[in-house]
1. At 0.36 nm per residue, minus the direct Cα-Cα distance, what do B:A128 and B:V17 gain on full extension? Give it in nm, one decimal, please.
2. To the nearest 10 square angstrom, how much accessible area does B:K125 have with a 1.4 angstrom probe?
3. Test of understanding: in a Gaussian network model of chain B with alpha carbons linked when under 10 Å, which of B:L49, B:L36, B:L131 would top the mean-square fluctuation ranking?
4. A:L173 versus B:L48, label points 7 Å from Cα toward the beta carbon: distance in nm?
5. How long, wide and thick is the protein assembly as shown, going by the Cα atoms along their three principal axes, in whole angstroms, largest first?
6. Sorted from largest to smallest, which semi-axis lengths in Å does the alpha carbon gyration tensor of segment B:10-62 give for its equivalent ellipsoid, taking the root of 5 times each eigenvalue?
7. Using 7 Å Cα-to-Cβ label points, what is the A:K323/B:F228 separation (nm, one decimal)?
8. Can you give the mean number of other chain Cβ atoms that lie within 10 Å of the Cβ atoms in peptide A:425-437?
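The values are calculated or read from the model by the stated rules, or taken from the named source; none is laboratory data. Quick caveat: nothing in here was measured; it's all calculated off a predicted structure. Reconstructed Cβ throughout: ideal geometry from the backbone, glycine too, with neighbour counts over all protein chains shown. Surface areas here come from the heavy atoms of the whole protein model, side chains and all, with no ligands, DNA or RNA. Shrake-Rupley method; radii C 1.70, N 1.55, O 1.52, S 1.80 Å.
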Amino acid sequence: MTHKLSRRDLLKMAATSAAAATAGLMPTIRIFAAPPRQDSVTLRFQENADSYGAVVEAFKAKFPNINIEFVEVSGVDHAEVASKILAQLAAGQPVDIGYAATEATQLYAGEGLALPLTQRALDDKDELAEYFADVSPTLVEGMMYEGDLYQLPRDFNAAHIYFNKTLLAEAGLEVPSEEWTKDDFTEYARALTGLGENKDSFGFGWTNRLWGSWTPWFFVNDTNLLTEERAPGGEAIWSTFYADEPLAEGRGGGWRWPTPQANNPSMVEALEYVVSLTTEGLTPAVEIGGGSTLDGFFVSNKLGMTIAGGFWGGALVNAGMEKGSFDVQFWPRWKSQRHQFGTGGAWILNGSGSEDAAWEFVKFNTATDVMLMIPWMASASTTPVRRSMNTAEYWGQTGIENWNVFYDALDKRSDTGPIPAPVFSIEMTNIYTRFTSLATSGELAPKDALDGMQAELEALYARNG
Amino acid sequence: MSSKVISQPGVYRRNPVARWLAADTMAGIKRQRMLLGYLFIAPTIIGLLVFVIGPMLGSFGLSFYKWNIFRPPEFIGLDNFERLAGDTRVFVSFRNTFILVVMTVVMLESLALALALAVYRMANKAFATFLRTAYFLPVLLSGASVAVTLGYLFNKDFGVINYYLGFLGIDNIPWLTSSDVVLFTIALTTVWRNLGFTFIIYLGGLSSMPGEVLEAAEVDGATGWRKFYRVILPLLSPTILFAVVTDVIKMLQFFDEPFIMTRGGPGDSSRTVVMMMYESGFGNLDFGYGSAIALLLFAVIMIVTGIQFYLSRRWVFYG
């Protein structure tokens, strides 16, 4: 008797084998997926051991039954990190505790991924009172969505102008005063162009993304990419933690950005100004990305001014720049001097089953001594949200003289607001950077680029209800 | 021929399937050999099912849904395909991809073949070995690291390439920030990284050419260009077909270089189909639409490959 297996038989056999193999694995999967013993929990934490090794060790000493597993996620900007977190979620590998910057706060909150923390914060108000008293309400409001708090901010960065003091000296200039204007800025950019050993420096450099970018220019031109309003709610947080804080007055339950207004006259004016810096040769070609290209140029005295927050101070020193060879100042005044910021903090996965343990870890991370266990936090490579950490000693590591402007952007300027980042901020950012690049490369006039941006933003809003 | 059970250990007698498989007959032996064969290819088949066919079917199914990870998928029929038909950005991305494919494949095949011929004819074998290694080294680098590094070199204002071109009196070229040249820049980067692989394929093809045919051609007076065109090229045609088909398929899936070097910009001028697919899925959280783009790309790759094989009948010599 002969028995030939046809291709169809073969496929059947393979499918059956795959099913059998899967079935055979099921008990194993169940074992791994079984809920941990009540006295032992493992949390998947979106960080790496280099940054958080010491924090986790300290936490484990206090909570030996809670294990932390690192899940490292990197990206050129926060939007890309969020994309990767969502990719892991799609693959069934979500993190229990994530870190989200403003770019993704409302995305995670609005889609139900992040756990609302308001009630937990209120329940532990005695434990957290000192933390909130040390943190600007502007930052806390930036971590709220539709009345609930979703993250406890860890660090923030407002957009300031960094000055290369070597080029300033060559141009015979000083770091300007706090009240400097856009016209002063233009003169500085001109004076700082064409200096250096090879006479090839540029006055000002920036990269195309949401935070930083040309966003500060439309903020000081008294407008925004999207209209702004405050969501109702949040009273419990304000009355519990900020009852005597004048800066907390009038705050709500987080920001809303109800409609796009990319092509309003002030936006067009701001983009025209930024593009004019390129056409005049004061700004190098603008690229999309995280700004790492500019680091090298600034360090090697080829860039007079650029946009950055406190994070750049430590980074420049680490890159080899001499302490005190750079300084910062507020963004120059145009129609206003409204600053933009982005902040970030840990969020907890909603429905993970380990929310209580995760909350303990999140709270643990709010202590000053714990924050200083993070090497890049200790070396002034970001701006801590705690006012008390922003000291001459802390920023002295970088040699920045005007370090006070970092926190003064919050404490002295009550109009400082977050970058616009609604639930669909990733797609919005893609539209924003795409049309910005068309304007900065000269492919489209600023007005035409912003008309195109507005049309796509309107379509985006329509798709998302 | 009828099966006849000659001898069986007691344990097999009780299990009819085991008895059938282990039957010590000609048919039984054939069955055992066949089973062994299938066992050997089982890992590949299972791998294909789990990692290729399964996701393909999943992607096909997903293209009829609206799904953003957070909420349950919603069946929307052919809406994603209707949207695809009217999405000019997708067609721009296809146009960019085709331009990149043509530029890279033409440069890759011609350069790789020229280099392979030069190295093949080289008398100094040690130097030839060095060149083989040197040309292949970039293949070992990750696309991301190459893109980042060459991104610095191609920087308009501070890049090394414009610096040296400046000595020739050439103004700074906006390699990555002008839609006129950005695709060419990306093609150059890709060619630099992939040249070694295609080069090795051609070198392998040249080395396996029958020496007696080449000698006979020389005896008959075929030298130089005539020998290359009339003898070497036909003998090498199956290798060329393989290299072209694999390079075209690979380049139709362009992602690393444009994603890292330009993010698809300026505007959409360097955005490729795979970037559109990725951004639709993981950027815009529209996995259904991303799947629809993936299906369209799959169909295009199938058609392009089919055309290549059809046309190959006219120029590939298997003699």
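1. The B:A128-B:V17 span can extend by a further 34.1 nm.
2. 130 Å²
3. Taking springs between Cα atoms under 10 Å, the residue moving most is B:L36.
4. If labels sit at A:L173 and B:L48, their model points lie 6.6 nm apart.
5. Cα extents, longest axis first: 99, 76, 51 Å.
6. Three semi-axes, in Å: 35, 13, 8.
7. 6.4 nm
8. 4
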